[in-house]
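What follows is a short report on a single structure.
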Amino acid sequence: MTTRTPWRVMLLGAAALVAAMLLSLAVGSRVTSPSELFGALFAPTGSDADVTILGLRLPRTILGVVVGACLGVAGTLAQGHTRNPVADPGLLGVYQGAALAIVLTTALGLNPSGLAEALFAFAGALAATVLVFALARTAGGRSGTMAFVLSGVAISALASALVTAISLLDLRSLDDLRFWQVGSLSMRTGALGVVWPFIAIGLLLAVLNARSLNALALGDDTAAALGQAPWKARTVGIAAIALLAGAAVVLAGPIAFAGLVVPHLARMLVGPDYRWQIAAGALLGGSVLLVADVIGRVVARPGELSVTVVLAVVGAPLFVAIARSRRTATL
């Protein structure tokens, strides 16, 4: 696949996102005709179709766009800063930190409400990411990227071990953990009103970090020679990853594969410039997540498959194809 003009890719990406949103609004356990869809959007009358589309599918579609954009941008930054093509926010302990916070609150008998529980998960995700960064910052004799990868693996393993130990000792924690182990776009639509400031700050930091990331791609020494401070740039990048991935976990739980595959697609389409990769990652992330969610609703009618399961089934072969492609851009 050849690298195309970035502006053309952006326009095609925006069109694909709009198409995915319309698909998400139209398809579900109840069949909706095009006239019912546009009637609900532009001239609602309170019919059953209007209630279904505006009350159920529209919030879910908005959530899918936001979560997909967060994971696409966070995954792009994670792969860029670690120089690791299989890195995603999970490598930095985001998912494991959120799970640990949930089981801890339950084991301590705090019994928080749904929204408070989501905020505890957000705090756990942020704490794990900050700890990874602190460990990598103090590691001596390692390159910056390798220190991040090793610190992320260590913290993820430690958090997973603690989650397992606490869950075995406290069955209430195990019940709560089950809810957070499978991602879904039907989990917490109300939490978007709370975490949107974090998302806005994370996206702003990502945009500000793009130029420095282009310099870091040439190596830390070259970046320093070009006037960039590698650790300062990584501080901004890791903060953006923590905010965006943590918000995504709060909104939809741990959704794997989106943050891994989307950056590769963006890189193949727009080339190595991280300014374009970040924008393309946001558009493609929303599209990929919405299409996967629609597939999950269709194949398991009248129920649904989790978007994480669909992404794993569809994304694994796609990722293998990307990895085997000789034209895949290097990090």
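The values are calculated or read from the model by the stated rules, or taken from the named source; none is laboratory data. The shown structure was predicted, so the numbers you read here are calculated from the model rather than taken from an experiment. Backbone-built Cβ (ideal geometry, glycine too); neighbour counts: all protein chains shown. Surface areas here come from the heavy atoms of the whole protein model, side chains and all, with no ligands, DNA or RNA. Shrake-Rupley method; radii C 1.70, N 1.55, O 1.52, S 1.80 Å.
Please pick out the residue among VAL94, VAL130 that is closer than 23 Å to ALA245 by Cβ and either over 19 Å from the mean Cα position of the chain (by Cα) or surrounded by fewer than 18 Cβ atoms within 10 Å (Cβ to Cβ) (or both). Spell out how you get there, then give the answer.
On the way: VAL94 fails: either over 19 Å from the mean Cα position of the chain (by Cα) or surrounded by fewer than 18 Cβ atoms within 10 Å (Cβ to Cβ) (or both).
The unique qualifying residue is VAL130.
Return the pair list, or none, for Cβ contacts closer than 7 Å from residues in the range 72-90 that are in contact (Cβ under 8 Å) with a residue 24 or more places away in the chain to residues that are crowded, with 24+ Cβ neighbours inside 10 Å and not in a helix (DSSP H, G or I), at least 6 apart or on different chains.
From residues that are in contact (Cβ under 8 Å) with a residue 24 or more places away in the chain, the pairs are GLY75/ASP88; ALA78/ALA87; ALA78/ASP88; GLN79/ALA87.
Across the range 201-223, what is the number of residues that are open to solvent by 50 Å² or more (accessible area, probe 1.4 Å), more than 21 Å from ALA127 (Cβ to Cβ) and at pLDDT 85 or above?
Going through the range 201-223 one residue at a time, the tally reaches 5.
Would you mind telling me which numbered condition in (1) more than 26 Å from the chain's Cα centre (by Cα); (2) of a type in the set (Lys, Arg); (3) more than 17 Å from ARG60 (Cβ to Cβ) ARG8 fails?
(1)
Please enumerate the residues belonging to the range 40-55 that are open to solvent by 50 Å² or more (accessible area, probe 1.4 Å) and closer than 23 Å to LEU283 by Cα. Reasoning before the result, please.
First pass over the range 40-55, keeping only residues open to solvent by 50 Å² or more (accessible area, probe 1.4 Å): 41-46, 48, 51, 54.
Scanning the range 40-55 gives LEU41, LEU54.
Has the range 58-77 got at least one residue that is open to solvent by 10 Å² or more (accessible area, probe 1.4 Å), part of a helix (DSSP H, G or I), modelled with pLDDT of 90 or more and among the charged types (D, E, K, R)?
Yes, there is a match, as at least one residue in the range 58-77 is open to solvent by 10 Å² or more (accessible area, probe 1.4 Å), part of a helix (DSSP H, G or I), modelled with pLDDT of 90 or more and among the charged types (D, E, K, R).
Please pick out the residue among LEU243, LEU226 that is touching a Gly at 6+ places or on another chain (Cβ under 7 Å) and open to solvent by 20 Å² or more (accessible area, probe 1.4 Å). Reasoning before the result, please.
Details: LEU226 fails: touching a Gly at 6+ places or on another chain (Cβ under 7 Å).
Just a single option satisfies the conditions, and that option is LEU243.
Filter the range 6-39 for residues that are loosely packed, with under 13 Cβ neighbours inside 10 Å and part of a loop (DSSP other than H, G, I, E, B); which is modelled with the highest pLDDT?
Step by step, filter the range 6-39, then rank; the result is SER33.
Inspect all residues belonging to the range 299-320 and state whether any of them is open to solvent by 40 Å² or more (accessible area, probe 1.4 Å), at pLDDT below 90 and among the basic types (Lys, Arg).
yes
Pairs needed: first member in the range 94-114, on the phi < 0 side of the Ramachandran plot and at pLDDT 75 or above; second member anywhere, among the aromatic types (Phe, Trp, Tyr) and surrounded by fewer than 24 Cβ atoms within 10 Å (Cβ to Cβ); C-beta distance under 6 Å; at least 6 residues apart or different chains.
Short answer, once both residue conditions are applied: ALA99/TRP180; ALA101/PHE120; ILE102/TRP180; THR105/PHE120.
Looking at the range 284-298, which of its residues are open to solvent by less than 40 Å² (accessible area, probe 1.4 Å) and either of a type in the set (A, V, I, L, M) or in contact with a Leu (Cβ under 6 Å, 6 or more places away or on another chain) (or both)?
LEU284, GLY285, GLY286, SER287, LEU289, LEU290, ALA292, ASP293, VAL294, GLY296
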